[in-house]
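All remarks here apply to the structure that follows.
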Amino acid sequence: MKSELTAPIGEISQIKGKCISLIGDDIDTDRIIPARFLKCVTFDALGNSVFEDDRKTLNGKHPFDSEVNKGASILIVNSNFGCGSSREHAPQALMRWGIKAIIGESFAEIFYSNCIAIGIPCFTLPKESIKDIQKYNDNENFFLEIDLKNCCAKSKDLNFNLEIRESSRKMFLSGEWDATSTLLKNETLIENKFNELPYLKFNSHLL
């Protein structure tokens with residue numbers, strides 16, 4: 001299990017890593033991170049509790065407990081992944097386990113948005129392509145190299161054209177998904193705008 005912060009920053013154009021497959025449709029956010037873990041003050045330790053209840057039920061046989069999947073960073077899923085409640089803890093937990101990108105048949109809308117906001121690209125592929133990857137991944141370690149600029153992924157034996165919203169792709173390539181870094185990069189512009197606002201000047205004078 002992982003608990004280290006692996007949050008990305010700035011521009012993201014390539015992601016390389018080992019795949020981990022999670023088979024099943026409609027895997028909701030309560031399964032990804034059960035509600036009792038939402039009381040946390042920070043997200044830092046959530047990686048240890050990702051899929052907590054499913055892992056207990058499978059008694060060590062869950063993909064996230066497998067020794068083979070240690071160090072995996074690209075999650076392969078089926079349809080409507082991340083449905084259910086809008087909790088941002090779900091992608092935060094996946095990221096802190098080590099996930100850097102997700103490839104699936106489809107994603108719940110809010111889950112998708114929450115992933116983009118923390119730097120996890122979500123790509124889609126047709127059902128048959130996802131099944132091919134999951135079968136391949138079942139038999140051996142499967143490594144993928146994702147190219148965001150050209151929206152494609154390749155391995156030693158396979159090549160895929162990935163789908164991602166154009167607005168999301170542009171945000172990753174420019175680094176604009178990273179609101180904090182974008183704000184820091186434009187600190188001078190923000191300060192200049194702050195000094196131009198008349199009502200702030202007025203309030204400052206009163207103080």
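Nothing in this text is a laboratory measurement; each read-out follows from the coordinates by a stated rule. All figures in this text were calculated on a predicted structure; none of them were measured in a lab. Here the Cβ positions follow ideal geometry from the backbone for every residue, glycine too, while neighbour counts run over all protein chains shown.
Quickly rank 108-114, 10-16 as a protection proxy: mean count of other C-beta atoms within 10 Å, highest first.
Working: 108-114: 19.1, 10-16: 15.4.
Per-residue Cβ counts within 10 Å, averaged per peptide and sorted highest first, yield 108-114, 10-16.
Can you list residues whose amide H is under 5 Å from F123's amide H, if they're 5+ apart or on another chain and H is modeled 1.01 Å from N?
For F123, the qualifying residues are I102, I103, G104.
Can you give me the relative contact order of the range 14-134 as a percent, contacts being Cα pairs under 8 Å and 6 or more apart?
31 percent
Determine ³J(HN,Hα), in whole Hz, for all residues of the range 150-166 in sequence, where each value follows from phi through the Karplus function 6.51 cos²θ - 1.76 cosθ + 1.60 and θ = phi - 60°; x replaces Gly and Pro.
Each residue's phi maps through the Karplus curve to give 9, 6, 9, 9, 9, 10, 4, 10, 10, 9, 9, 9, 8, 10, 8, 4, 4 Hz.
Could you pull out every residue, at least 5 positions away or on a different chain, whose amide H is within less than 5 Å of the one on C152? Hs are placed 1.01 Å off N in the peptide plane, and Pro or chain starts have none.
Here the answer is D147, L162, since their amide H atoms fall under 5 Å of that of C152.
Which residues' amide hydrogens lie under 5 Å from the amide hydrogen of F107, considering only partners 5 or more residues apart or on another chain, with H built in the peptide plane?
Amide H neighbours of F107, under 5 Å, 5+ apart: N80, F81.
How many nm separate the modelled label positions at K135 and A7, each set 7 Å beyond the Cα in the direction of the Cβ?
Placing both labels 7 Å beyond Cα along the Cβ direction yields 4.1 nm.
Once you have the Cα-Cα distance between K56 and K70, take 0.36 nm times their residue separation minus that, and quote the gain in nm to one decimal. Mind dumping the intermediate values first?
On the way: separation 14, 0.36 × 14 = 5.04 nm, distance 1.78 nm.
Answer, rounded to one decimal: 3.3 nm.
By how many nm would the segment from E145 to K16 grow when fully extended, if each residue of separation counts as 0.36 nm and the alpha-carbon distance is taken off? Could the numbers behind the result be given before it?
Numbers: separation 129, 0.36 × 129 = 46.44 nm, distance 0.44 nm.
Extending this stretch completely gives an extra 46.0 nm.
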